[in-house]
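So the structure is just underneath, and the comments pick up after that.
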Amino acid sequence: MNVPAELKYTSDHEWIRVEGDVITIGITDYAQGELGDVVFVELPEVGEEFAQADVAATIEAVKTVADVFLPVSGSIVAANESLDDDSELINQDAYGAGWILKVKMSDPSQLDALMSAEDYIASIS
Amino acid sequence: MHQYIPNSDDEQLKMLNEVGIASFEELLESLPRALRFNGDLPLPLAKSELEHKQDVQKIISEDGNTSTHISFLGAGSYDHYIPHIVDVLISRSEFYTAYTPYQAEVSQGTLQAMYEYQSMICELTGMDLANSSMYDGASAMAEACLLASRHTRRKKILISRSVNPIYVDVAITYAHHQGLDFEFVDMDNGITSLDALGSKLDDTTAGVVIQNPNFYGGLEDLVQIKSKINDEKIQLIAVVNPISLNLLEAPGNQGVDIAVGEGQSLGNHMSFGGPYLGFMAVKEPLIRKVPGRIAGESIDVHGERAFVMVLRTREQDIRRERATSNICTNQGLNALTACIYMSALGKNGLRKVAELCTQKAHYLAEAIASLDGYALDTQYFFNEFVIEVPGSAKQLVKQAAVAGFFAGVSLSQFIDGAENKLLLAVTEKRSKTDMDALVNFLKEYTG
């Protein structure tokens, strides 16, 4: 199981990379494996504001749909538009080219609730 | 044993014994006595099948129908000719008994029919994708409003006053718990007022609903309406008459984002209001947000053309409470009827129907307008128009029925101060003799 140590995780199987007050969000390798082939990702518009736990994006696989919840409140600063044409990037490179959103946090203390790689591995094994 | 209940007394007793009680009375013990009705229900004795049939026939003959009366009724339901082959084909048991299949791909015939229906609706409306039908025109319009709101993440829907008021009522009910905010755009001279529309548009507007031809028969200028909407996020929703589209420009070429309408006039009987079907067709950006079932074309393991249900992940059975809509089914048989009707008439036949409707409606409108005491109220129209009559239109409708006509729909029930206004529709079924007979009746009628 690929769970990079430098990232943070949620119980919804999302990974978070923190860079200053901007976070990058994707879904974990475990999550993409469970979903199967991703066929479509519905992305929000840049500038949209969301509260913590809001659904900011939706991932469609062949037989199911998964919501992407925001672990923190903030506004969207980027959405991965390569996913429009190539949604399988999430399957091929979940932690790299398959990133989904970049969010500017309004309250970085909300990050405290996130899991470490170690905790996440424990939660899925 | 009761005539219409198949369980014999012996069988009923056996069932009661099975659950450990001796009588039906005992089964009701858990209901408090005070809440129960004591004595025999005041109902007439059951009648024989023959007696029932005679009763119903008597009621039917008292009301009259389109075979006993010459009908000019419209307002959403139209008396078009339905070729015999339509009812013969839809009555085949393969089609007639099959509900929308849950293991859809087993029923290739049903899926193919849905796919062809969708393709025809796309061609008719000039849109990119059609679903395989909604419940009826009114609920299709309501779903279009919800779709516009979902797509734009806005809540305000502007509806022209010229939209069928019954559709508006349905939309308000349908969207009651979905937080939509409906506002109305006034009419000017029988069509949507462009100035009124302009003053109501703002950055909270999700969609604008225009009916064309509108409820009162008038032709709306969709291109001009579109040009009034500067914010390209706002969805233009057109409620259209499918027969009229064989003559009028396709909404897809007029800047419409969502085209919906009532499919009854495509081969479905008027049948006292239903079952009908709604159609919905959209432009490409909305494809993943469209409600309802969609059949698509694919290739099977042998490399042969095959049909499948597509984009299922929008639907309730997969997405649960976040589904695009609560509609997870379609009006399969009615959509099939529409598909067979369009195939039976073909492109030229459909155009001929639309031309005859237009020509006949204009013949009748002019003939009535030339009568003393009558005036034509609709400037540009397809097959439906409003006339002003001497006195009460409601009264006129009553008198005309006695003389063998369904003269039209009185508008006083929809608009204040419209006591003298009557809405008439003319289909290809009305002959010159029929229309001249109505004109003669009106000539003699003085209010």
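A few comments on the model shown:
- Residue among B:LEU245, B:LEU146, B:LEU345 with the largest mean-square fluctuation in a Gaussian network model of chain B, springs linking Cα atoms under 10 Å: B:LEU345
- Taking every Cα-Cα distance in the stretch B:232-307 and sorting them into 5 Å bins starting at zero, the pair-distance distribution P(r) comes out as 3, 12, 18, 18, 16, 15, 10, 6, 2, 0 percent.
- Distance from the Cα centroid of the stretch A:96-125 to that of the stretch B:121-182 is 40 Å (rounded to whole angstrom).
- Placing unit charges on each Cβ (+1 for Lys and Arg, -1 for Asp and Glu) gives the stretch B:362-447 a dipole about its Cα centre, and among B:LEU396, B:GLY417, B:TYR374 the Cα reaching farthest toward its positive end belongs to B:LEU396.
- Cβ-based charge dipole, chain A, positive-most Cα from A:GLY26, A:LEU111, A:ALA122: A:ALA122
- In a reduced charge model with +1 at each Lys and Arg Cβ and -1 at each Asp and Glu Cβ, the stretch B:34-132 shows a dipole moment near 320 debye about its Cα centre.
- Above-threshold pairs, the threshold being 25 Å between Cα atoms, out of B:LYS352/B:LYS421; B:LYS360/B:LYS443; A:LYS8/A:LYS63: B:LYS352/B:LYS421; A:LYS8/A:LYS63
- Coil-residue GluC sites (Glu not before Pro) of the stretch A:1-68, DSSP, other Cβ within 10 Å capped at 12: A:GLU6, A:GLU45
- Computed over Cα pairs, the Kirkwood radius of the stretch B:51-98 leads via Stokes-Einstein (1.002 mPa s, 20 °C) to a diffusion coefficient of 156 µm² per second.
- With the simple model of a label 7 Å out from the Cα in the direction of the Cβ, A:GLU88 to B:VAL19 spans 5.6 nm.
- Low-density loop positions, GluC sites (Glu not before Pro), the stretch B:226-334 - DSSP coil, at most 13 other Cβ in 10 Å: B:GLU232, B:GLU249, B:GLU304
- Positive-pole candidate from B:VAL19, B:PHE406, B:GLY273, dipole of chain B, charges at beta carbon: B:GLY273
- About its Cα centre, the dipole of the stretch A:1-49 is roughly 260 debye, where the only charges are +1 on Lys and Arg Cβ and -1 on Asp and Glu Cβ.
- Debye log10 I(q)/I(0) at q = 0.06, 0.10, 0.12 Å⁻¹ for the protein assembly as shown, Cα point scatterers: -0.43, -0.98, -1.17
- Spread of Cα-to-Cα distances over 10 Å intervals beginning at zero, given as percent, for the stretch B:246-352: 12, 32, 39, 15, 1
- Alpha carbon convex hull of the stretch B:116-258, volume per residue in cubic angstrom: 101 Å³
- Gyration tensor (alpha-carbon) shape descriptor, chain B, a/c threshold 1.5: oblate
- Cα point-scatterer Debye curve for the stretch B:359-447, base-10 log of I(q)/I(0) at q = 0.11, 0.15, 0.16 Å⁻¹: -0.25, -0.48, -0.55
- Each Lys and Arg adds +1 at its Cβ and each Asp and Glu adds -1 at its Cβ; summed about the Cα centre, the stretch A:25-104 shows a dipole of about 300 debye.
- Radius ratio Rg over Rh of chain A, counting only Cα atoms, Kirkwood formula for Rh: 0.93
- Between the stretch B:352-398 and the stretch A:20-92, the Cα center-to-center distance that results, in Å: 57 Å
- Low-density loop positions, trypsin sites (Lys or Arg not before Pro), the stretch A:40-125 - DSSP coil, at most 13 other Cβ in 10 Å: A:LYS63
- At q = 0.13, 0.16, 0.32 Å⁻¹, base-10 log of I(q)/I(0) for the stretch B:17-68 (Debye sum, equal scatterers on each alpha carbon): -0.64, -0.72, -1.16
- Most mobile of B:PRO275, B:PRO285, B:PRO213 in a GNM of chain B (Cα contacts under 10 Å): B:PRO285
We did not get these values from a lab; they are worked out from the coordinates using the rules stated. Just so you know, these numbers come straight off a predicted model, no measurement behind them. Neighbour counts run over all protein chains shown; Cβ positions are idealised from the backbone, glycine included.
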